[in-house]
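Some notes on the structure that comes next.
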Amino acid sequence: MRSHLLNGLTAEHYRRSVTEGVERVAAKLATTDRPFTGVTVDALSPRIDAIDLDRPLGDTAAVLDELEDVYLRDAVYFHHPRYLAHLNCPVVIPAVLGEAVLSAVNSSLDTWDQSAGGTLIERRLVDWTAARIGLGPAADGVFTSGGTQSNLQALLLAREEAKSDSLAELRILTSEVSHFSVQKSAKLLGLGPDAVVAIPVDHDKRMQTVALAHELERCTKDGLVPMAVVATAGSTDFGSIDPLPEIAELCARHGVWLHVDAAYGCGLLASLRYRDRIDGIERADSVTVDYHKSFFQPVSSSAVLVRDAATLRHATYHAEYLNPRRMVQERIPNQVDKSLQTTRRFDALKLWLTLRTMGADGIGQLFDEVCDLAREGWKLLAADPRYDVVVEPSLSTLVFRYIPAAVTAPAEIDRANLHARKALFASGDAVVAGTKVAGRQYLKFTLLNPETTTADIAAVLDLIAGHAEQYLGVSLDRAS
Ligand SMILES: *Cc1c(COP(=O)(O)O)cnc(C)c1O
């Protein structure tokens, strides 16, 4: 069994095993002609349930054969140009290389004595990101598992900085289309059920600053304490960017912590042409960035950045066995002092190798391309009488709905759109997402693949229309 332990004696076994795995994945990528096979839960579960976990196969080739059957063949492939659903990007090769290195060396980024250079590399990338945002000389931050954790940590800091001891009085103001992790965070932070105040959005799904100003004043009048405003730079559903300069101005006037959730919009930090769309982000007290959404990084890769490094102390606890106080005096760097996690992956290595191979401009160029693609897709949709499209894209998301000429009952149109999405998924020809707009069922493309073309978009729109029409034909038959 020791031959399976990775060490100096097994280096050759390691090379062979990993190479075999890489070969399989490479072959898969080269031959995948659809983003999904359309496999159903009922078809796949018995294959996975039938495997006896107490009877190992022992041999890498046999294990990979089995993996083909239970996973690789039917996985959902984000690299495919017709995967248009969620905020999943195709990944860049330098980052995948980083993933292989980081799990083999297996550094843990909590302490210097478990990572050494890893800690310093992460710190450089935190500083690099903070500088791109423009957070100023006192900025700091830490890598996290994702935007959800970044938002939670930012709101923890905001809560600790708030001038109130009564959790019931605290309020978080955020737009009605902000990410649900804001509500989860409020719950985890012990705030009351009414803590998150939803600010209405305008026609373009951007927070209405007049409504925000009104709510801030109302809070003060009612003896409540606005603990944070969470502005979204790239909403999950629409890619809409809240008016950051106006929001920052209001936060400054009311002395309220401004958190900018740029989990999606952070790609603009590297943009060559559209950086100005997130102007104002430099005035935030904290910022969430998800490199695994718009920097073409594999899951997970995310960070939370803060304007004032001192605020990170709210996440600091000392343990004799890990990060005793004396280490601060000895100036030994510890990322665990800034993190909600203890043992933590060296995700930063992926971004490091990406920047050292392609540079930030390389990432920005790819992200600009998907923003341009979304604009072209929007034009297609706007000119297509079969579709209603809601918001002109600020990033790379399109939200639309099939509207048949002959059917006017909104509920029936909802069902046709839902059916089209499901039928498309079952066919495996393309994967699209769905959402509701003003209570009605819409469909969504999240375009993060520069390999997707306008021809792909046009083809998928035809497929959707075909499925919807088929459904309506069937259901009209049934009604008659
Ligand atoms: C995806 C997303 C999150 C959550 O990020 P995870 O990495 O999925 O945890 C938070 N905010 C916004 C706006 C997002 O789009």
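Where a number appears in this text, it was derived from the coordinates with a stated rule and is not lab data. Just so it is clear, the structure is predicted and the values come from calculations on it, not from any experiment. Counting neighbours? That spans all protein chains shown, and the Cβs are built from the backbone with ideal geometry, glycine included.
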Cα→Cβ-extended label distance, 7 Å offset, between Val63 and Arg275, nm: 4.6
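Can you tell me the dipole magnitude for the range 87-152 around its Cα centre, using point charges on the Cβ only (Lys, Arg +1; Asp, Glu -1), in Debye to the nearest 20? Write down the numbers at each step before the final one.
Working: 3 positive and 6 negative charges, 42 e Å.
Dipole about the Cα centre, nearest 20: 200 debye.
Let me know the whole percent of all Cα-Cα pairs from the range 2-77 that are separated by more than 19 Å. Don't skip to the end; give the middle numbers.
On the way: 1378 of 2850 pairs.
Within the range 2-77, distances greater than 19 Å cover 48 percent of Cα pairs.
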Whole-Å distance, taken between Cα centres, linking the range 273-314 and the range 196-238: 20
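Could you check how many percent of all C-alpha pairs in the chain are farther apart than 45 Å? Write out the running numbers ahead of the final one.
On the way: 19966 of 114960 pairs.
When every Cα pair of the chain is considered, 17 percent fall beyond 45 Å.
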Rounded, prolate or oblate (a/c below 1.5 giving rounded, otherwise prolate when a/b exceeds b/c) for the range 108-356 by Cα gyration tensor: oblate
Estimated vicinal HN-Hα couplings, Hz - the range 199-206 in sequence order (Karplus 6.51, -1.76, 1.60; Gly, Pro = x): 8, x, 10, 8, 4, 8, 6, 9
Dipole magnitude of the chain, debye to nearest 20 (Cβ charges: Lys/Arg +1, Asp/Glu -1, about Cα centre): 500
Convex hull volume of the range 340-419 per residue (C-alpha atoms, cubic angstrom): 171
Cα centroid separation - the range 326-354 against the range 69-103, whole Å: 26
With 5 Å bins from 0: P(r) over the range 175-245, alpha-carbon pairs, percent: 3, 16, 26, 24, 19, 10, 2
Calculated FRET value between Ala26 and Ile332, using beta carbons and R₀ = 51 Å, to 0.05: 0.75
Between the range 168-190 and the range 382-454, the Cα center-to-center distance that results, in Å: 29
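Given just the C-alpha atoms of the range 81-148, how large is their convex hull per residue in cubic angstrom?
Each residue corresponds to 140 Å³ of Cα convex hull volume.
Decide, for the range 73-217, between rounded, prolate and oblate: order the square roots of the alpha carbon gyration tensor eigenvalues as a ≥ b ≥ c, take rounded if a/c falls under 1.5, and otherwise choose prolate if a/b is larger than b/c, else oblate.
Numbers: a/c = 2.13, a/b = 1.41, b/c = 1.51.
Oblate.
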Rg in Å to one decimal, and Dmax rounded to a whole Å, for the range 361-479 via C-alpha atoms: 14.7, 56
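Pairs Lys184/Lys338; Lys293/Lys350; Lys205/Lys422: which are spaced more than 23 Å apart, C-alpha to C-alpha? Each step should come with its number before you reach the end.
Numbers: Lys184/Lys338 21 Å; Lys293/Lys350 14 Å; Lys205/Lys422 26 Å.
The answer is Lys205/Lys422.
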